[in-house]
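**Q** Pasting a structure below so you can have a look.
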Amino acid sequence: MKRQSIGNGKWFDREKANKFQESTFFDGQNHISKSTNSQWEHEELYRTKSGAWILHHWSNFQGTIPTWEEISNIEAAEWLVKNDEDPIDACADEYAKLEV
């Protein structure tokens, strides 16, 4: 179990969550994050077992502290689209559980 704190006493298990990596593009010199528009700032998105969306943000700049925050469904959908993911596919497991 890799327990990750997200503040206010909340946490999630990174090993049981679905992880979405940021997409990048090459600008001719560097690979640039599509989610941050920077070669130095990065993000990845997690969908927890309980259905919460957790955004992990970190930087290659010395002295910066990574952040973990819970975001809304709308913010997660926007992040997924920006990073070439289909929000519907990202929740396919949950939709399959609803089938009767």
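**Q** May I have the count of lysine pairs in the chain with C-alpha atoms under 14 Å apart, counting pairs 8 or more residues apart or located on different chains?
**A** Pairs that pass both the separation and distance tests number 9.
**Q** Now for a separate question. For the pair K16 and E44, how long in nm is the line joining their label points, each one 7 Å along Cα→Cβ?
**A** 1.9
**Q** Could I ask something else about it? Calculate, in nm to one decimal, what T24 and N37 gain on full extension: separation in residues at 0.36 nm each, minus their alpha carbon distance.
**A** Gain on stretching T24 to N37: 3.8 nm.
**Q** Given a cut-off of under 8 Å on Cα pairs at least six residues apart, what relative contact order in percent is computed for the chain?
**A** Here the relative contact order equals 19 percent.
**Q** While we're here: Cα-based Rg (one decimal) and Dmax (whole number) for the chain, in Å?
**A** 14.7, 52
**Q** Please give the length that would be gained between M1 and W58 if that part of the chain were fully extended, namely 0.36 nm times their separation in residues minus their C-alpha to C-alpha distance (nm, one decimal).
**A** This chain segment gains 18.4 nm when fully extended.
**Q** From zero outward in steps of 10 Å, how is the percent of C-alpha pairs of the stretch 15-65 spread across the bins?
**A** Final binned percentages: 25, 42, 28, 5, 0.
**Q** Longest segment of the chain with no trypsin sites (Lys or Arg not before Pro) in a DSSP loop having at most 13 other Cβ atoms within 10 Å?
**A** 50-100
Readers should treat all values here as calculations from the given coordinates under stated rules, not as data from a laboratory. If you're wondering where the values come from, they're calculated on a predicted model, not measured in any experiment. Neighbour counts run over all protein chains shown; Cβ positions are idealised from the backbone, glycine included.
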